[in-house]
2 protein chains.
Amino acid sequence: MRLGEGDARRLLAGARVARLATVTQGGRPHIVPVTFALNGDRIYSAVDAKPKTTRNLRRLANILANPQVAVLADSYSEDWAALWWVRADGRAAVLEEPGLMAGPLALLRERYPQYRQALPDGPVVAIEVERWTGWAASPPGSRSSG
Amino acid sequence: MRLGEGDARRLLAGARVARLATVTQGGRPHIVPVTFALNGDRIYSAVDAKPKTTRNLRRLANILANPQVAVLADSYSEDWAALWWVRADGRAAVLEEPGLMAGPLALLRERYPQYRQALPDGPVVAIEVERWTGWAASPPGSRSSG
């Protein structure tokens, strides 16, 4: 069954990992797993790259050339009645200024205790979600997100 | 640490779910979770679509227009020393003839007991992997795949 926007957002909010898909200038898809924080219709993810190498990191180079991205979270179970997935399609921007990165990095640190030891240097990928899509094998109800 | 092709293939072979990324004609990435079977450098996945609707299923329409795809498997753990991911970049074809679908569907049924009840009608997405990429926070060694 298709999920509504509210269920889709709620399930993504509970997921610990998602996958970020971007497109290369040659039209090839690129995917990486990402930790992230969700704030309304914005998804934030951070990378650990020195300023000079930012444009060498594939996902960032892709976004700078084509801001269209997709983020997916899914939950696999051997009980296929429990399967679900959520996709957020949107436009991404690469934030490199400390003043713009501070808020997103604080959200990430709050969400992942692991970041309290060492926060990524940035930049931050900020995604404005334009469309929520989701599917679940059974009604979402009390399901926990994985 | 970067993983070699052998480790990458082995980790993907053990994963129960992966994500398939394709690109729309408008240059937007599209991702869906997929069950799959790996045979050497070929990855097979099946969908349940009536022949007339094949071209309406986004991933198939995308592949028919642009065969470049990426497949990702990853393992999340709150212990970030256990994180890993594997990506297979390649070219996909949509198989619709029963004679071509039989082998891949048999591999899928062997791998997933769930398919023994009801096998997808097809078509089959067949991906020829051209490049294996992988990363693990720690040496892969005895790690189990998720």
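Remarks
- Ascending list, in nanometres, of distances separating the B:G26 label from those of the other copies (7 Å, Cα toward Cβ): 2.6
- Cα-projected label distance for B:S77 with A:A106, points at 7 Å along beta-carbon direction, nm: 3.3
- Split the accessible area of the protein assembly as shown by element, probe 1.4 Å, and carbon with sulfur accounts for 50%.
- With 20 Å² as the minimum drop in accessible area between chain alone and full protein complex (1.4 Å probe), the qualifying residues in the range A:66-89 are A:Q68, A:A70, A:L72, A:D74, A:Y76, A:E78, A:W80, A:W85, A:R87, A:D89.
- Applying 1/(1 + (r/R0)^6) with R0 = 41 Å to the Cβ-Cβ distance of A:E96 and B:E96 gives a FRET efficiency near 0.30.
- Spherically averaged projected area of the protein assembly as shown from its Cα convex hull (nm²): 15.0
- Distances from A:L119 to itself in the other copies, using label points 7 Å out along the Cα-Cβ axis, amount to 5.4 nm in increasing order.
- Under 11 Å from a label point set 7 Å out along the Cα-to-Cβ vector of B:E128, the amide N atoms of the range B:75-100 belong to B:91-93.
- Contact-buried residues of the range A:13-28, at a threshold of 30 Å² lost accessible area versus the chain by itself: A:R16, A:V17, A:R19, A:A21, A:V23, A:G27, A:R28 (1.4 Å probe; DNA, RNA and ligands ignored).
- Between A:R58 and B:R10, the simple spin-label model (points 7 angstrom out along Cα→Cβ) gives 2.2 nm.
- A simple spin-label model places the labels of A:W135 and B:S138 3.6 nm from each other, with each point 7 Å out along Cα-to-Cβ.
- Inter-copy spacing of B:G4 label points, which lie 7 Å from Cα along Cα→Cβ, given in nm from shortest upward: 5.4
- Chain B, relative contact order in percent, only Cα pairs under 8 angstrom and at least six apart counted: 34
- Pairwise burial A:B, computed as accessible area of each alone minus the pair, summed, 1.4 Å, Å²: 2900
The values are calculated or read from the model by the stated rules, or taken from the named source; none is laboratory data. Please read these numbers as outputs of a predicted model, since none were measured by experiment. Methodologically, a virtual Cβ is constructed for each residue, glycine included, from the backbone with ideal geometry; neighbour enumeration extends over all protein chains shown. Protein only, heavy atoms only, side chains kept; ligands, DNA and RNA dropped before computing areas. Shrake-Rupley method; radii C 1.70, N 1.55, O 1.52, S 1.80 Å.
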